[in-house]
Amino acid sequence: MKRSDLLSIIKGKGEYLDDLPFSGYHAVFVRSPYAHAKIRGIDVTDVTRKGGLILTGRDVFNAINTSSDEEGSSASTPPIALDKVRFYGEPVALVLGRDPYEAQDLAELVNVDYEPLEPVMTIDRALKDDILVFEEKGSNEVYRRTTEYGKMPSDRRIELELYWSRSSGNPIETFASFVIPGDPLVIYTNMQAAAYQSSFLSPLGRVKLNPVRQGGSFGSKFSLLKYVIALGVASKKFNVPVKWVETRTEHLAASNSSGPERKFKIEASFKDDGTITGLKFRVWEDVGASLFNGQAFKPQGILAGPYKVRNIVYDASLIATNKNPAGAFRGAGTPPHTWAIERVIDAIADELGMNRAEVRRNNLVDQFPYEGPYAVYDSGNPKKLLEMALSRNDLWSMREKGYGVGIACSTDPSTPNGSEEVSIRTGEGKVILSVGYGSEGQGNEHVAKELLSSMLKVPMEKIDVEVDGTLHSFGPGGSRMAVFMAGAIKGSVEELIAKAERKTGGKFVEGKIRTNEGIIDITDVNVESKYTFSLQGKYRFNAYPFACDIAVVKKVEGKIIPVRFVVYLDPGTPLDEDVVKEQVIGGTAIGISVALYERYIYSPEGQLLTSNLNDYGLPAAPDLPPIEVNLIPSPSPFTPLGSKGIGEIPVGVAAAAITSAIENLTKKRITTIPFEYS
């Protein structure tokens, strides 16, 4: 079935934020040209003389919420710098003009007196603590947490040092918001989880939040929160509407939403047959110029990946540097962990002279539900996925023709504990579903229509989806919507039918209410229902998809080129197979890209050298191989319709399969991605 939520977008009627009518002032952030510097003073004389409005860090200081420790949060530092800048592109002022061009001209008149300081640009340098990003902390290790299960046995051991490079979430539409003064303060924004994040806007007073279509996010637009606070303060202070649309360069330099940058030291214990008996992870996460980020700790939901390992130590430190603070992007920290585990598997196989697939077969979870020391894996058959991948002789035979072929397996924590609210109303021949989040483009609205159509026996063309920012909603994030949206819709439909039956005195049958007086279409009964679906499991995550990927690469003119890619994936019950495959293809493309192409590069002085998509290395379509997706469902017993979240699992396993294929081709061990050409 074709997506029912895309026609308006194709026609240019998607109503992204910049499509909405706005009259007021336009904002431009004045940004630091230094990665590390003291602010001696800010001269705004020329701006105010020309009628410009300007906001500094002092003006917004009291509106800052610094207590969040949510996954990927970067709310722990102020939206506009006060006395010191800590990364290249950090905002030092906000200038308002009557149009974007005037605002930009006025911003160039702001004179900031900086005292440059030496920046800290790597984890290793930060660990010396001779230069501190946050002096008040007394160390660049701003947070540390150790989790331990069992005890490391005295078997054979191998040690690996690995590095996963920083990357960027690059939504098609960048950050954008506008604010209208009043009581309440009215905010239109493409911020992810806007309804949930509204609680952090309490310093602004009463707020009416209007989430709009996001133009892509996958976590990156969580970090818009700080900018919304600054815009809100400006609108209230000057009593004018304020609009800001981020540039692409601003996003790369200072979105506070870059993907994880992680250094590993891993010790693995194993027996002669390849059975892994212990895993000890020492992790250093570069969180940039921030005090906390949860990406290094989400792997606690998949510490051993899809493998039966019970003796585990996970010791993770968050390291501050003078870089764009990290955020939450497509997995919020699990892809590097998946990649690292698969590197360990391959290294053990090589150490023992065993087939890499055989070591996986010996260690994969094979009884469900499986309760590890840190999670319950609800359902699946990862060994079956592995066997199906190994049966692809059309791919494995390519080794004989000079290609590299690699394999990787994975699971990922999806469906975290939480809740989601929707409302449904019928009448005048329509069904209206209200959700609490702006569309990100994953097809949630299309799937919602399919579910409603199936449950109410109503044609999809009679169903519309609207956004209601007052609903209790987190929206997409944590691969949760397949479960939470389905559960909320199912509960709301049941309540709606019950109300319709009570109102008419009839009985619901196949989209109709049968009464003594006749038959009424459910769409002609004026009723409304609201339902909140909640899920609270024993551990934080509740449903686990599994995947096994095969990658084929070749070397052309000194560069590694991906030529084939095949995915075998267990999505639980797929609510819409085409939408699931679209999500898997997108996530797989990101995994391939971070393994081969994408990278942040900073100068020794801290300036960003990859300030556009070309320099950054975002691939074009010809840079990616055909991606074949095969769905092998194992319905979850823990979710309403048996579905599992699959939005995040494709990234890490794809990167691992590509790395394995490169090793097969080059006969060299790869410990860093993106792959360094030589």
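The values are calculated or read from the model by the stated rules, or taken from the named source; none is laboratory data. What you are looking at is a predicted structure, and each value in this text was computed from that prediction instead of being measured. Heads up, the Cβs are rebuilt from the backbone with ideal geometry, glycines too, and the neighbour counts pull from every protein chain shown. For the accessible areas, the whole protein counts, side chains as well, though only heavy atoms, and no ligand, DNA or RNA atoms are used. Shrake-Rupley method; radii C 1.70, N 1.55, O 1.52, S 1.80 Å.
Skip the ligands, DNA and RNA, and give the accessible area per residue of the chain with a 1.4 Å probe, whole Å².
Result: 37 Å² of accessible area for each residue.
How large a share of the accessible area of the range 281-424, in percent, is made up of carbon and sulfur atoms when the probe is 1.4 Å and the other protein chains stay in place?
It is 45 percent, rounded to a whole number.
Within the range 1-158, what is the number of lysine pairs with alpha carbons under 24 Å apart, leaving out pairs fewer than eight places apart on the same chain?
8
Would you mind estimating how fast the range 237-315 diffuses translationally, via Stokes-Einstein at 10 °C and 1.306 mPa s with the Kirkwood radius over Cα pairs, in µm²/s?
Roughly 98 µm²/s, to the nearest whole number.
Rank E15, E358, E598 by accessible area, highest first, at a 1.4 Å probe radius?
So the residues, ranked largest to smallest area, are E15, E358, E598.
What would the Debye formula give as log10 I(q)/I(0) at q = 0.06, 0.09 Å⁻¹ for the alpha-carbon point model of the chain, no solvent?
Values, matching the q order: -0.35, -0.79.
Calculate for the chain the 222 nm mean residue ellipticity that helices alone would give, adding -39,500 (n - 2.57) per DSSP H run of length 4 or more and normalising by residue count, nearest 500 deg cm²/dmol.
Calculated from helices alone, the mean residue ellipticity at 222 nm is -7500 deg cm²/dmol.
Sort largest first and round to whole Å: the equivalent ellipsoid semi-axes of the range 78-159, each the square root of five times a Cα gyration tensor eigenvalue.
Equivalent ellipsoid semi-axes, largest first: 44, 16, 12 Å.
Ranked highest first by average number of other Cβ atoms within 10 Å, how do 324-337, 659-672, 207-220 line up?
So the order, starting with the most tightly packed, is 324-337, 207-220, 659-672.
Whole percent per 10 Å bin, from 0 to the bin with the longest distance: what is P(r) over all C-alpha pairs of the range 213-364?
That works out to 10, 32, 25, 17, 10, 4, 2, 0, in percent per bin.
Of all accessible surface on the range 436-484 at a 1.4 Å probe, what whole percent is carbon and sulfur?
For the range 436-484, the apolar C and S fraction of the accessible surface comes to 50 percent.
Ratio of alpha-carbon Rg to the 2.2 N^0.38 Å globular estimate for the range 555-600, to two decimals, please.
For the range 555-600, the normalised Cα radius of gyration comes out at 1.47.
Let me know the whole percent of all Cα-Cα pairs from the range 509-637 that are separated by more than 27 Å.
Tail fraction, whole percent: 53.
Tell me, how many Å apart are the Cα centres for the range 195-228 and for the range 127-178?
Distance between centres, Cα-based: 26 Å.
Binned at 5 Å from 0, what are the whole-percent values of the Cα-Cα distance distribution for the range 10-167, short to long?
1, 7, 11, 14, 15, 13, 11, 9, 7, 5, 3, 2, 2, 1, 0
What list of ³J(HN,Hα) couplings, whole Hz, do you get for the range 141-153 from phi and the Karplus terms 6.51, -1.76, 1.60, once you set θ to phi - 60° and write x for glycine and proline?
Result, ordered by residue: 7, 8, 6, 8, 9, 10, 10, 9, 10, x, 8, 5, x Hz.
Starting from the Cα gyration tensor of the range 579-641, multiply each eigenvalue by 5, take the square root, and state the resulting semi-axes largest first in whole Å.
35, 16, 8
Using only Cα atoms, what is the ratio of the radius of gyration of the range 352-453 to 2.2 N^0.38 Å?
The range 352-453 yields a ratio of 1.71.
Quick one: which of 292-302, 28-38 comes out on top by average Cβ neighbours within 10 Å, and what's the full order, highest first?
Ranking the peptides 292-302, 28-38 by packing returns 292-302, 28-38.
I'd like the distance separating the alpha-carbon centroids of the range 358-433 and the range 319-336, in whole Å.
So the two Cα centres are separated by 24 Å.
Just need the Rg to Rh number for the range 522-575, please, alpha carbons only, Kirkwood Rh.
1.34
For the range 151-272, max minus min Cα coordinate along each principal axis, in Å, sorted largest first?
So the three principal-axis extents are 70, 31, 23 Å.
Give the shape of the range 484-567 as rounded, prolate or oblate, defined through the alpha-carbon gyration tensor: a ≥ b ≥ c are the square roots of its eigenvalues, a/c under 1.5 means rounded, and otherwise the shape is prolate if a/b is larger than b/c and oblate if not.
prolate
When the accessible area of the range 89-133 is computed with all protein chains present and a 1.4 Å probe, what percentage of it is carbon and sulfur?
Here it works out to 47 percent.
Take the range 428-521, compute every pairwise Cα distance, and split them into 10 Å bins from 0; I just need the percent in each bin.
Pair shares across the bins are 15, 46, 28, 10, 1.
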